[in-house]
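S.K.: To start, I am sharing the structure in question, which I have written as structure tokens.
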């Protein structure tokens, strides 16, 4: 097989993936037009989780480190929406940037410490930090403590159009998902992305080429935290409720589940993973209260039989 | 070679606990010179290299690069100064193609890693100098191949290509011939010969034929200390070297 042939084939594969995702995205845009609130909210829910999964994939897939603490940043988004609304600030062009910045600051701090480690230690440090934030949220008595609190006011675009309306929520979160995925894709295709991938493959060699991986990885970690918080803002609006449960390590685990189900390091895979997770959750939980068990079986099957995750099912055709 | 050396170590010492692995080593490499470092397994050659590149800190002694003391300079910064190293076991990026390695080396040497938006260069954007480097090491036809598809010898060639595409002034090559077949070895030796005039080269190698045909100077490291240093002829005839290291081997030739 000649080099040019390989390149052509991978270009064809990329084209097929891009087309598939345009089709899926357009389908997602059409669903809310059915005026079925259940399905519209399903799209919103998938988008919210997909935003978190894509941002987590930057760390898991591209940085090669497993974070078990991304719910912390998601939760920062949830609490930003709730607490700001309490103070009468609900405009989306304020809430989203503030959630983004706060998560960035905290993400930079957590990243600065945890990125000094890798492997098992990284998993546990990110877990420890997210547990700290979980307990801080739980300790906020004026914000309901362990019980959380009702979202005082939905995040608004402008008078009469706010995220309590299922359709607005779905389109907003689809838009954010598209933006986040596009930015992530651009960054990962840039020089910066090359340094990140090279550092994942062999950080010693990156060093000996003259670059220290750490500042690059910290930048990516911070950005990932920022993006994840945007999903959290949507989540608060979706549930119309703010709760420490959104920061729990179970939530972090679910994000990881989505990334792995879809295929880490691909950006599009985790979107598929989030869609599959949310859909399965809805179907299985309507059918049995032991739905988590079946989800576990599905993840096992994926790991054993689908080398490249759900994404591989699409990109494999005709290859 | 009247100018000052590009690399100079002065009495560097490194010990791990009670074990002294580098024992007051002083050596120098001039630009355009190939200085070979030989010694039996466990003599401390790789440890010495790690101190020169900065992966290990020296306990005492000084390291100069182009006249500047670099003891406290990080690995990455030493690389940017122009110290480029090929490892004993080739260190590559598993998910990247041959061409991407050169692109990565360029990003690093130009310090353009924080370009976060513009698409990074690809196979079609290889510059003519990058292509000629690939040609030189014999990998041009494999430019689009992933690392995993390369044979061992090709991985060595790729690592050398990475060194050449950075703005290196000093190449530190740790056993570049290890694991190569006879034809590949010959090609590598010719390649090194052609590179000699452009760089200072510190070569660690077990293949004595290669060392004696390439080196301008040879230093012999035994138990962490340099027991002899000089031209090929001087080393070949040094009684201390003969008994300590080369032994019978030399009589065969």
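The values are calculated or read from the model by the stated rules, or taken from the named source; none is laboratory data. Worth saying up front: this structure is predicted, and the values here are computed from it rather than measured. Note that each Cβ is placed from the backbone with ideal geometry, even for glycine, and that neighbours are counted across all protein chains shown.
S.K.: So, residue B:243, is that one part of a helix (DSSP H, G or I), touching a helix residue (DSSP H, G or I) at 6+ places or on another chain (Cβ under 9 Å) and not assigned by TED's automatic domain parsing to the domain that holds residue B:138 or not? Working first, answer last.
M.R.: Numbers: part of a helix (DSSP H, G or I): yes; touching a helix residue (DSSP H, G or I) at 6+ places or on another chain (Cβ under 9 Å): no; not assigned by TED's automatic domain parsing to the domain that holds residue B:138: yes.
No: the conditions fail for residue B:243.
S.K.: Can you name the residue in region B:133-151 that is in a loop (DSSP other than H, G, I, E, B) and touching a helix residue (DSSP H, G or I) at 6+ places or on another chain (Cβ under 8 Å) and, of all such residues, is nearest to the other protein chains (Cβ to nearest Cβ)?
M.R.: B:144
S.K.: Taking residue A:183, is it modelled with pLDDT of 95 or more, under 30 Å from residue A:154 (Cβ atoms), within 10 Å of chain B (Cβ to nearest Cβ) and within 18 Å of the chain's Cα centre (by Cα)? Talk me through it step by step, then tell me what you get.
M.R.: Details: modelled with pLDDT of 95 or more: yes; under 30 Å from residue A:154 (Cβ atoms): yes; within 10 Å of chain B (Cβ to nearest Cβ): yes; within 18 Å of the chain's Cα centre (by Cα): yes.
The answer is yes for residue A:183.
S.K.: Name every residue in region B:104-126 that is touching a residue at least 12 places away in the same chain (Cβ under 8 Å) and either loosely packed, with under 15 Cβ neighbours inside 10 Å or more than 7 Å from chain A (Cβ to nearest Cβ) (or both), in order of residue number.
M.R.: B:106, B:111, B:121, B:122, B:125, B:126
S.K.: Could you say which residue among B:79, B:95 is over 17 Å from the mean Cα position of the chain (by Cα), within 7 Å of another protein chain (Cβ to nearest Cβ) and either in contact (Cβ under 8 Å) with a residue 24 or more places away in the chain or not in a loop (DSSP other than H, G, I, E, B) (or both)?
M.R.: Going through B:79, B:95 in turn, the sole match is B:95.
S.K.: Next question, about the same structure. Scanning region B:82-92 for residues that are touching a residue at least 60 places away in the same chain (Cβ under 8 Å) and closer than 20 Å to residue B:157 by Cβ, which turns out farthest from the other protein chains (Cβ to nearest Cβ)? So that I can check it myself, show each step before the final result.
M.R.: The initial filter retains those residues of region B:82-92 that are touching a residue at least 60 places away in the same chain (Cβ under 8 Å), namely B:82-88, B:90-92.
Of the ones still in play, those that are also closer than 20 Å to residue B:157 by Cβ are B:84-88, B:90-92.
Values: B:84: 8, B:85: 6, B:86: 9, B:87: 8, B:88: 13, B:90: 9, B:91: 4, B:92: 7 Å.
Within region B:82-92, the match that is farthest from the other protein chains (Cβ to nearest Cβ) is B:88.
S.K.: Take the residues of region B:51-76 that are part of a strand (DSSP E or B) and in contact with a strand residue (DSSP E or B) (Cβ under 8 Å, 6 or more places away or on another chain): which is nearest to the other protein chains (Cβ to nearest Cβ)?
M.R.: Result: B:65.
S.K.: Can you spot a residue in region B:152-161 that is at pLDDT below 95 and either surrounded by fewer than 15 Cβ atoms within 10 Å (Cβ to Cβ) or assigned to a loop (DSSP other than H, G, I, E, B) (or both)?
M.R.: Yes, that holds for at least one residue.
S.K.: Mind counting the residues in region A:224-259 that are closer than 20 Å to residue A:40 by Cα, surrounded by fewer than 24 Cβ atoms within 10 Å (Cβ to Cβ) and touching a helix residue (DSSP H, G or I) at 6+ places or on another chain (Cβ under 7 Å)?
M.R.: Adding up the residues that qualify gives 1.
S.K.: So residue B:168 passes all but one of these: (1) within 11 Å of another protein chain (Cβ to nearest Cβ); (2) part of a helix (DSSP H, G or I); (3) under 25 Å from residue B:190 (Cα atoms); (4) modelled with pLDDT under 95. Which condition number does it fail?
M.R.: Condition not satisfied by residue B:168: (2).
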